[in-house]
Amino acid sequence: MKNVGAQSLDANWNFLFSAPQQMFVACKRTSIEEAVPKSKTHLSKLAKAGSALFGERWLEQYAAICYRQDAEQGYQTLLITSRGTGRWVIPKGGPLKGKTPRQVAAQEAFEEAGVKGKISKNAIGRYSYLKRLDGGQSVPCLVDVFALEVASIAEAFKERDQRQTAWMRLVDAGRLVEEPELRGLFTKLHETLTAKSARS
C-alpha cells in the first residue's frame, strides 16, 4: 500500500474545504470543521480489533442511504452524525422483532434523520465497521444497506436533538464517511440513478 505523506493529506483536505459551498445544504448549522472526520482511519481501527474480526460475534445492522433529486445539484444524500463519536454516518439499526431488514432501515431513517419515502426491496450492498459498545469493547458489525428515495422530511423526530444532519451531493458523500465500502455504495447508487435518469 502506498504511503501518503502529511503534505499530501493536507492537500486533499484543502481540496475538500475549497469545494463549492453548495456541497452542503444543512438541516442544522454545521461548520466545515465539524464536517471533517477527525477519527482514526478505518484500517487502523480494524487492526486494533485483532482476533474479534475472526470470531463468531459479528453484529448485524440495516441501514438506509437516503437520497433525493435536486434540479441544480442532481442527486443528493442525507448524512447524520453518530451520537458517540460525531463522525458522519447513515441511519442504521439492529434487527427488530417482527420487522424485515428493509423495514428496520426505513424506521431508523425516520427516527434518526426524520425522513420517509420509498425504500428498495433489496439491499444495494453492505459494509463493515467496528461498533463501540457501552463497556468500551469494539465489536465488528456487518451492515446491509438499502436505498431510500425521500418523499417527506419531518420537523420533529426522535433523535433530532441528538444528531446533526446535512444534505450534500451523492457523489461527495464518500469524502466524509470513514468506511471504504460505504464510499463505494454512494458511487454505485449515483451511477445507477444517473443511468436510470438518462434512459427516462
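Suppose we keep only residues that are of a type in the set (A, V, I, L, M, F, W, C) and surrounded by fewer than 15 Cβ atoms within 10 Å (Cβ to Cβ) within segment 145-200. Which one would you say is modelled with the lowest pLDDT? I'd like the intermediate steps shown before the answer.
From segment 145-200, those of a type in the set (A, V, I, L, M, F, W, C) are 145-148, 150-151, 153-154, 156-157, 166-168, 170-171, 173, 176-177, 182, 185-186, 189, 193, 195, 198; that's our starting set.
Checking the rest, the ones that are also surrounded by fewer than 15 Cβ atoms within 10 Å (Cβ to Cβ) come to 151, 154, 156, 195, 198.
Details: ALA151: 98, ALA154: 96, ALA156: 93, ALA195: 93, ALA198: 87.
So, considering only residues that are of a type in the set (A, V, I, L, M, F, W, C) and surrounded by fewer than 15 Cβ atoms within 10 Å (Cβ to Cβ), the one modelled with the lowest pLDDT is ALA198.
Just to confirm my filter: which strands (runs of 3 or more DSSP E) fall fully inside segment 84-158 and include at least 3 residues that are over 22 Å from GLY184 (Cα atoms) and touching a residue at least 40 places away in the same chain (Cβ under 8 Å)?
Because the criterion is at least 3 residues that are over 22 Å from GLY184 (Cα atoms) and touching a residue at least 40 places away in the same chain (Cβ under 8 Å), the strands (runs of 3 or more DSSP E) in segment 84-158 that meet it are 138-153.
Being among the small types (Gly, Ala, Ser) and modelled with pLDDT under 95 is the filter here; which residues of segment 78-105 pass it?
Listed by number, the residues that qualify are SER82, GLY84, GLY86.
Name every residue in segment 63-83 that is of a type in the set (Asp, Glu) and not in a loop (DSSP other than H, G, I, E, B), in order of residue number.
The answer is ASP70, and nothing else.
Take the residues in segment 152-188 that are small (Gly, Ala, Ser) and in contact with a strand residue (DSSP E or B) (Cβ under 7 Å, 6 or more places away or on another chain); name whichever of them is farthest from LEU78 (Cα to Cα).
From segment 152-188, those small (Gly, Ala, Ser) are 152, 154, 156, 166, 173-174, 184; that's our starting set.
Checking which are in contact with a strand residue (DSSP E or B) (Cβ under 7 Å, 6 or more places away or on another chain) leaves us with 152, 166, 173.
On the way: SER152: 13, ALA166: 6, ALA173: 8 Å.
Within segment 152-188, the match that is farthest from LEU78 (Cα to Cα) is SER152.
For GLU108, indicate whether it is buried (at least 17 other Cβ atoms within 10 Å of the Cβ) and at pLDDT 90 or above.
yes
Give the residue, chosen from ARG126, ARG169, ARG163, ARG132, that is among the basic types (Lys, Arg) and touching a Leu at 6+ places or on another chain (Cβ under 9 Å).
Values: ARG169 fails: touching a Leu at 6+ places or on another chain (Cβ under 9 Å); ARG163 fails: touching a Leu at 6+ places or on another chain (Cβ under 9 Å); ARG132 fails: touching a Leu at 6+ places or on another chain (Cβ under 9 Å).
Of the residues listed, the single one that is among the basic types (Lys, Arg) and touching a Leu at 6+ places or on another chain (Cβ under 9 Å) is ARG126.
Kindly establish whether GLU178 is of a type in the set (Asp, Glu), under 29 Å from ALA71 (Cβ atoms) and either part of a strand (DSSP E or B) or in contact (Cβ under 8 Å) with a residue 60 or more places away in the chain (or both). I'd like the intermediate steps shown before the answer.
Working: of a type in the set (Asp, Glu): yes; under 29 Å from ALA71 (Cβ atoms): no; either part of a strand (DSSP E or B) or in contact (Cβ under 8 Å) with a residue 60 or more places away in the chain (or both): yes.
Taking the combined requirement at face value, the residue does not satisfy it.
Can you name the residue in segment 116-141 that is farther than 16 Å from ILE65 by Cβ and among the hydrophobic types (A, V, I, L, M, F, W, C) and, of all such residues, is surrounded by the most Cβ atoms within 10 Å (Cβ to Cβ)?
Here the answer is LEU130.
The values are calculated or read from the model by the stated rules, or taken from the named source; none is laboratory data. Note that the structure is predicted; figures quoted are calculated from it, not measured. Every residue, glycine as well, gets a Cβ built from its backbone with ideal geometry; the counts of neighbours run over all protein chains shown.
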